[in-house]
1. Is there any pair with a first residue in the range 163-177 that is of a type in the set (G, A, S) and a second that is assigned to a helix (DSSP H, G or I) whose Cβ atoms are under 7 Å apart and which are 6 or more apart or on different chains, and what are they?
2. Take the residues in the range 83-122 that are of a type in the set (G, A, S) and assigned to a helix (DSSP H, G or I); name whichever of them is surrounded by the fewest Cβ atoms within 10 Å (Cβ to Cβ).
3. So the check is Cβ under 7 Å with 6+ separation or different chains; which pairs have a first residue in the range 62-83 that's more than 21 Å from G111 (Cβ to Cβ) and a second one that's of a type outside the set (A, V, I, L, M, F, W, C) and surrounded by 14 or more Cβ atoms within 10 Å (Cβ to Cβ)?
4. Of the conditions (1) small (G, A, S); (2) modelled with pLDDT under 95; (3) under 30 Å from A28 (Cβ atoms), S133 satisfies every one except a single condition; which number is it?
5. Against the conditions (1) under 23 Å from L117 (Cα atoms); (2) of a type outside the set (S, T, Y); (3) touching a helix residue (DSSP H, G or I) at 6+ places or on another chain (Cβ under 7 Å), where does A65 fall short? Just the number, please.
6. Among all residue pairs at least 6 apart or on different chains, which show Cβ distances below 8 Å where the first residue, located in the range 97-120, is without any contact (Cβ under 8 Å) to a residue 40 or more places away in the chain and within 19 Å of G154 (Cβ to Cβ) and the second is part of a helix (DSSP H, G or I) and among the polar types (S, T, N, Q)?
7. Could you say which residue among A28, A33 is touching a helix residue (DSSP H, G or I) at 6+ places or on another chain (Cβ under 7 Å) and farther than 25 Å from G171 by Cα?
8. I need the full set of residues from the range 42-56 which are farther than 16 Å from R101 by Cα and crowded, with 21+ Cβ neighbours inside 10 Å, in order please.
Amino acid sequence: MRQLLLLRHAKSSWDDPGLPDHARPLNARGRRAAAAMAQAMRDLGLAPDIVLVSSARRTLQTLEALTPFEGGALVEPMESLYLAPWPQLLEAIRAAAPTARSLLLIGHNPGLHELALALAGPAASGNPSGNPSGSPSGNPGGDLQRLAEGYPTGALAEFTIASGWSELEPGGGRLVRFLAPRDLLPAEQPA
C-alpha cells in the first residue's frame, strides 16, 4: 500500500494588490495553520518520501512550515503544479518514483479538490456512511462528506493507494482522513 497526501497551501495574503498571484505569501493565519498542520502530521507519523510542490510562494512557504520531515524527503518544486487542473496533478503523481511509499503534493484549488474527489470516486459525491456529523479524522464516512463539501486552505487529505503510482486512476484511492486547520486551531477571535 502507498500513502498519498494532498495538502492545499495555507491561507495567503492579499495585502499587496500589485503583487502577482504566484508571489503572494502566507498571511499570519496561514502561517499558524501551516504550523498546526505540521504538528498534526508529526503526531500522525505522516512523513513523505517525495514532496511535489507548486512553485508559488504560498505553497513553498507552506512546505517550509512542514519541514524537516522525519527521514528526509526528496522535494521537487514544479512550475507545472501552479494552479494545475486535476488531470495534470494526477500525471505528476503517476511520474513519481515507483520505490516511493509516501508522496505529498502541495497545490491549489480547484485542481487539488477535484483530484481528491476523483481519487475517492463515487463515494465522495454522497455520504456513504449515513453519518451527518462530518467529524474530523478517524471517520472516513464523515471525512468523505466534508471533502465533498469543500477543500479549505491548509487542509490535508490522506489516501491509501493500492496500485503503483504509474497505474493510479480515478477511484483508485481510499480516503483515510481529511483534516482542516479548523480541526486543529482554536476559533479565531473577531477583530
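The values are calculated or read from the model by the stated rules, or taken from the named source; none is laboratory data. The structure displayed is predicted, hence computed values, not measured ones. Cβ placement follows ideal geometry from the backbone for every residue including glycine, while neighbour counts extend to all protein chains displayed.
1. From residues that are of a type in the set (G, A, S), the pairs are S166/R94; G171/G121; G172/L119; G173/L119; G173/A120.
2. Residues of the range 83-122 of a type in the set (G, A, S): 84, 92, 95-97, 100, 102, 107, 111, 116, 118, 120-121.
Those left that are additionally assigned to a helix (DSSP H, G or I): 92, 111, 116, 118, 120-121.
Values: A92: 19, G111: 22, A116: 26, A118: 18, A120: 25, G121: 16.
So the residue we want is G121.
3. Qualifying pairs under 7 Å: A65/R31; F69/P48; A73/P48; A73/D49; L74/D49.
4. (3)
5. Condition not satisfied by A65: (1).
6. G111/Q88; L117/S125
7. Numbers: A28 fails: touching a helix residue (DSSP H, G or I) at 6+ places or on another chain (Cβ under 7 Å).
Residue meeting the stated conditions: A33.
8. Selection gives V53, S54, A56.
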